[in-house]
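Working notes, beginning with the structure itself.
The values are calculated or read from the model by the stated rules, or taken from the named source; none is laboratory data. Keep in mind it's a predicted model, so treat the numbers as computed, not measured. For neighbour counting, all protein chains shown are included, and Cβ atoms are generated from backbone atoms with ideal geometry for every residue, glycine included.
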Amino acid sequence: MNAPLPSALFTPSWHAELELAYGRFADCTRPVLRRHQGPLRVQKHLYAEGPQVCQHIIVHPPGGIAGGDRLNISAKVGEQAWAQLTSPGAAKWYRASGPAHQQLALQVAAGATLEWLPQESIVYSGAQAELQTRIELQGDARLCYWDMVALGRPASGERFDSGEFRSRLDIHRDGQLLWHERQRIAGNDGLLDSPIGLGGQPVFATLLITGEIDAELLERCRELPSAVRGDLTQLPGLLVARCLADEALHARAWLIALWQQLRPALLGREAVPPRIWNT
């Protein structure tokens, strides 16, 4: 006789954690912690720019995020270390009857540098995506952070007619709030088409990089040729760039072009795009 297995054995959602840490040893940044639980991994670390910059590619093997999924990612960059984190492709948030969550916690010690440069998040119509990011900077720590969000699937003609996207981003330096942002966009919301919202553009992107640039470089960045509607704002100790686009490809190209201009000026190294971006 075949008896049904207890329902507790079947979990229709993924709960995954990834914990990373980096340290500086002589002139080399090395991973000092790499712990995972569930379907979150990093590939073997790379040194495309030499030993000072350690690059890791974060991989989520299921390929998509559905209702009930919960992803927790944390990374600590020790003093004088430099870590660059990216992803091999878009994160896909699927239509679901319940919310899916991603929590990101980043800590950057004095003298250290972190580049968080993932590819875009595609939020399908009907998805319920909740993202929360907290970044702690110490002393003169440096940060380059970007995110790209595509609501619906523009290439397939899918509008974001139902579901909800929520995000929260907090950046602190030595306990003082440097940046706070909250977003909530509901499917078929008037803000999707409003000129004071997304203006009919399904893709939005933000780049945040610590430091300040001169007026000449700011103007040069504003004049970069692109297919997006974007601009930059210099705040005390933080440069903010935002854009709206009709395709994620255009937003990504704009962010990369800005990064290539700003990285040498604010982080002191020429920009070398990760090879994974071209695959």
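Residues in the range 222-253 that are of a type in the set (Val, Ile, Thr) and surrounded by fewer than 20 Cβ atoms within 10 Å (Cβ to Cβ) were compared, and the one that is nearest to Ser87 (Cα to Cα) is Val240.
Could we say that Leu137 is at pLDDT 95 or above and under 19 Å from Gly187 (Cα atoms) here? Spelling it out, it is not the case that Leu137 is at pLDDT 95 or above and under 19 Å from Gly187 (Cα atoms). Taken together, the residues in the range 182-212 that are assigned to a loop (DSSP other than H, G, I, E, B), without any contact (Cβ under 8 Å) to a residue 60 or more places away in the chain and not hydroxyl-bearing (Ser, Thr, Tyr) amount to 12. Kindly establish whether Glu79 is surrounded by 15 or more Cβ atoms within 10 Å (Cβ to Cβ) and at pLDDT 95 or above. Judged against the criteria, Glu79 is not a match. Of the residues Gly200, Gly211, Gly187, the single one that is modelled with pLDDT of 95 or more and small (Gly, Ala, Ser) is Gly211.
Scanning the range 254-274 for residues that are of a type in the set (Gly, Ala, Ser) and either buried (at least 17 other Cβ atoms within 10 Å of the Cβ) or touching a Lys or Arg at 6+ places or on another chain (Cβ under 7 Å) (or both) yields one hit, Ala271.
For the range 156-178, how many residues meet the condition of being more than 18 Å from Lys92 (Cα to Cα) and surrounded by fewer than 18 Cβ atoms within 10 Å (Cβ to Cβ)? Final tally of qualifying residues: 7. Of the numbered criteria (1) modelled with pLDDT under 95; (2) more than 16 Å from Thr86 (Cα to Cα); (3) surrounded by 14 or more Cβ atoms within 10 Å (Cβ to Cβ); (4) of a type outside the set (A, V, I, L, M), the one Pro12 fails is (3). Looking at Val59, is it of a type in the set (Val, Ile, Thr) and more than 23 Å from Gly139 (Cβ to Cβ)? Yes, satisfied.
Within the range 139-154, the residues that satisfy the criterion of being assigned to a loop (DSSP other than H, G, I, E, B) and surrounded by fewer than 21 Cβ atoms within 10 Å (Cβ to Cβ) are Gly139, Asp140. Taken over the range 165-183, the residue count meeting the criterion of being in contact with a strand residue (DSSP E or B) (Cβ under 6 Å, 6 or more places away or on another chain) and among the small types (Gly, Ala, Ser) is 1. Pairs are defined by a Cβ separation below 7 Å, a sequence spacing of at least 6 or placement on different chains, a first member in the range 213-227 that is in a loop (DSSP other than H, G, I, E, B), and a second member that is modelled with pLDDT under 95 and among the basic types (Lys, Arg); no pair meets this definition. The sole residue among Leu258, Leu178 that is assigned to a strand (DSSP E or B) and within 21 Å of Thr113 (Cβ to Cβ) is Leu178.
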